[in-house]
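Here's the structure, in C-alpha cells; my notes come after.
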Amino acid sequence: MLSDITHIIKKGTVDNTVPGTVTLTLECVEIEEPLTFTLEGDCLRDLAGCRLDFVNPHHTGTLRAKEQTFLEIITQRGEYLHIGDFTASRRLCDLDNKRARRNLLSLEIFDIDGGRILIESSSMELTIGEHRWQMEPTDEYAQIMSNQDMYRSHVQQFIDSYTGILDDENDPLPSIPWDGRLRRAEAAAVIYPSVHDKYRQEADGLVRESYVLNRTDRLAELACDEETGRPTESNFFHNAGVLDFLLPGEVDAVREAMRHPVFESLSNLTQEIQSTLQHLLEDTEHGDREPNPTVSEIMRVHGFIVPHVLATILQSQENIIDPPILTSRIEGLLRRIQKDIRLLHQIPAETSRQIIVLAEDLMRQLTDFGYSFCKKS
C-alpha cells in the first residue's frame, strides 16, 4: 500500500550523475544519520544526469513510533527497492485556480513485496545541478514504461493479498467463489484513489489507469473510442465503488442480488448502524473522546457480514452451491449477527434499540432464506 513519508523528510539529495544508478539520500526528523538508498534505473529527463538537492520547509519536526519502525524496515530492505518515477516536473492543477498549474517534486519507490513509498510536494526548495549526461526521449519512454509495469505489479500484489475485514479464525466461514470476486473488486476500489491521483491529469491518464489496474476491457473500449472518434468518458470509474471493478455480467448479478429481501433487510441495518454509530467513531478519530472498543467491534463484525451475505445470495442465484455449504454459511453469519446484538446490549439502549430490532429482522430473513433454498434443492 502507499506510504507517503514527505512530512518526515527534512532534506535530501537525488544523484543520477551515473547512468543507470540513482542514489537517494534522506535526512529525516529525529534521526541523526541520513538514510541512503542505491536504486537501479534513471530519473525522468528533467533530473536524469543531475544531482538534485531539496529541502522540505514543511516537515513535521516529530517522528512517531510507527514511522520510525517503517524507516528502519525500508533501510534494511534496500536491495528489494526499485525506482519509480523520479521527477521535479510533475504537473498538477492548483486547487484554488484550475487554470493554473504547479510543479511537484515526486519521488516514487517500490518494494518488491508490494509497498509503494512516495515523497511528493510542490513546496520543496530545489537546487538542480548541471546535466552530466543527457537522456534521450526514447530512453525516458522506456524508463516510464518500466516504472509503470512496476506500479502495475504493485497494484496486482495488493489486490491478490487483500483480505478485507478478517474473519474469526476460530469460527471460519466456508469459502465460495463469489467471496473472492467481491474481495478483489473491493481491493481495486481501495487502491484506485492512489492510482487515479497519479494519472488524473496526464493526457493519457485513462489508458495508464486502465493498464495499471489490469482492466483489459477498459483498454479495449478506449481503443474503440479512438478508432471511431467517439468521445471518451472522462472518468471511467466514477466514485470508484466496488461495482466499478466487476465485469459487466457480474455487475448485473450483484444488482439483482441487492434487490433480494435479505439484502434489503441488511441495507436497512447498515444504514441505521452508519447513521447511529458512525459519528461515535468519527469523534474518536478527531480526538473528541476516547475510542469505544465495543462500537469499533460492532462496526468490524458488521463490515464482515455485509459482503459475505451478498456473496451467499449471489452464489445461490447461480444454483451451484451445495445446500450443506449454504446452510453452514448462514449459520455462521447468524452467529456473527448474534455477536453484534450482544455487543449492542453493552451500549446505551437509546442508541442501540432500533439497531437490535433491525438485526433481529435480518436474522429472520436469513433463516427463512436458507430454509427456502434447501427446500427447493
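The values are calculated or read from the model by the stated rules, or taken from the named source; none is laboratory data. As the structure is a computational prediction, the values presented were derived from the model and not from experiment. Heads up, the Cβs are rebuilt from the backbone with ideal geometry, glycines too, and the neighbour counts pull from every protein chain shown. Surface areas here come from the heavy atoms of the whole protein model, side chains and all, with no ligands, DNA or RNA. Shrake-Rupley method; radii C 1.70, N 1.55, O 1.52, S 1.80 Å.
Return the residues of region 334-366 that are in contact (Cβ under 8 Å) with a residue 12 or more places away in the chain and not in a helix (DSSP H, G or I); say none if nothing qualifies.
Of everything in region 334-366, those that are in contact (Cβ under 8 Å) with a residue 12 or more places away in the chain and not in a helix (DSSP H, G or I) turn out to be Gln346, Ile347.
Could you pull out the residue among Thr23, Thr13 that is under 22 Å from Asp113 (Cα atoms) and modelled with pLDDT of 95 or more?
Details: Thr13 fails: under 22 Å from Asp113 (Cα atoms).
Among Thr23, Thr13, only Thr23 is under 22 Å from Asp113 (Cα atoms) and modelled with pLDDT of 95 or more.
Scan region 146-174 residue by residue and report those that are in contact with a Lys or Arg (Cβ under 7 Å, 6 or more places away or on another chain), of a type in the set (A, V, I, L, M, F, W, C) and open to solvent by 40 Å² or more (accessible area, probe 1.4 Å). Lay out the reasoning, then the answer.
Going residue by residue through region 146-174, those that are in contact with a Lys or Arg (Cβ under 7 Å, 6 or more places away or on another chain) are 148, 154, 159, 162, 164-165, 171, 173-174.
Cutting the leftovers down to of a type in the set (A, V, I, L, M, F, W, C) gives us 159, 165, 173.
Hit for region 146-174 is Ile165, nothing else.
Rundown of residues vs (1) small (Gly, Ala, Ser); (2) farther than 20 Å from Asp179 by Cα, yes/no style:
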residue	(1), (2)
Val309	no, no
Ile325	no, no
Gln338	no, yes
Pro348	no, yes
Ser352	yes, yes
Val357	no, yes
Glu360	no, yes
Lys375	no, yes
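When you go through (1) open to solvent by less than 70 Å² (accessible area, probe 1.4 Å); (2) at pLDDT 90 or above; (3) in a helix (DSSP H, G or I) one by one for Glu331, which number turns out not to apply?
Of the numbered conditions (1) open to solvent by less than 70 Å² (accessible area, probe 1.4 Å); (2) at pLDDT 90 or above; (3) in a helix (DSSP H, G or I), the odd one out for Glu331 is (1).
Collect the residues in region 293-318 that are open to solvent by less than 10 Å² (accessible area, probe 1.4 Å) and β-branched (Val, Ile, Thr), keeping them in residue-number order.
Listed by number, the residues that qualify are Val295, Ile298, Val301, Ile305, Val309, Thr312, Ile313.
List the number of the failed condition for Gln68; all other conditions in (1) more than 24 Å from Ser210 (Cβ to Cβ); (2) loosely packed, with under 14 Cβ neighbours inside 10 Å hold.
Checking Gln68 against (1) more than 24 Å from Ser210 (Cβ to Cβ); (2) loosely packed, with under 14 Cβ neighbours inside 10 Å, the one that fails is (2).
Give me the residue from region 200-217 that is touching a Lys or Arg at 6+ places or on another chain (Cβ under 7 Å) and modelled with pLDDT under 90 and, out of that set, most open to solvent (accessible area, probe 1.4 Å).
Start the filter on region 200-217 by keeping residues that are touching a Lys or Arg at 6+ places or on another chain (Cβ under 7 Å), which leaves 201-202, 210-212, 214.
Now narrow it down to the ones that are modelled with pLDDT under 90: 201-202.
Numbers: Gln201: 46, Glu202: 78 Å².
It comes out as Glu202.
Check whether at least one residue in region 170-189 is under 19 Å from Arg90 (Cα atoms) and aliphatic (A, V, I, L, M), and report yes or no. Can you show your working first?
Restricting attention to region 170-189, the residues satisfying the condition of being under 19 Å from Arg90 (Cα atoms) are none.
Checking region 170-189: not a single residue is under 19 Å from Arg90 (Cα atoms) and aliphatic (A, V, I, L, M).
How do the pairs read when you match residues in region 2-25 that are basic (Lys, Arg) with residues anywhere that are open to solvent by 30 Å² or more (accessible area, probe 1.4 Å) and not in a helix (DSSP H, G or I), using Cβ under 7 Å and keeping only pairs 6 or more apart or on different chains?
Between residues of region 2-25 that are basic (Lys, Arg) and residues that are open to solvent by 30 Å² or more (accessible area, probe 1.4 Å) and not in a helix (DSSP H, G or I), the close pairs are Lys10/Glu27; Lys10/His59; Lys11/Glu27; Lys11/Val55.
Given the criteria modelled with pLDDT under 90, buried (at least 17 other Cβ atoms within 10 Å of the Cβ) and either under 18 Å from Ser265 (Cα atoms) or in contact with a helix residue (DSSP H, G or I) (Cβ under 8 Å, 6 or more places away or on another chain) (or both), does Leu362 qualify? Full working, then the answer.
On the way: modelled with pLDDT under 90: no; buried (at least 17 other Cβ atoms within 10 Å of the Cβ): yes; either under 18 Å from Ser265 (Cα atoms) or in contact with a helix residue (DSSP H, G or I) (Cβ under 8 Å, 6 or more places away or on another chain) (or both): yes.
So Leu362 does not fit the description; no.
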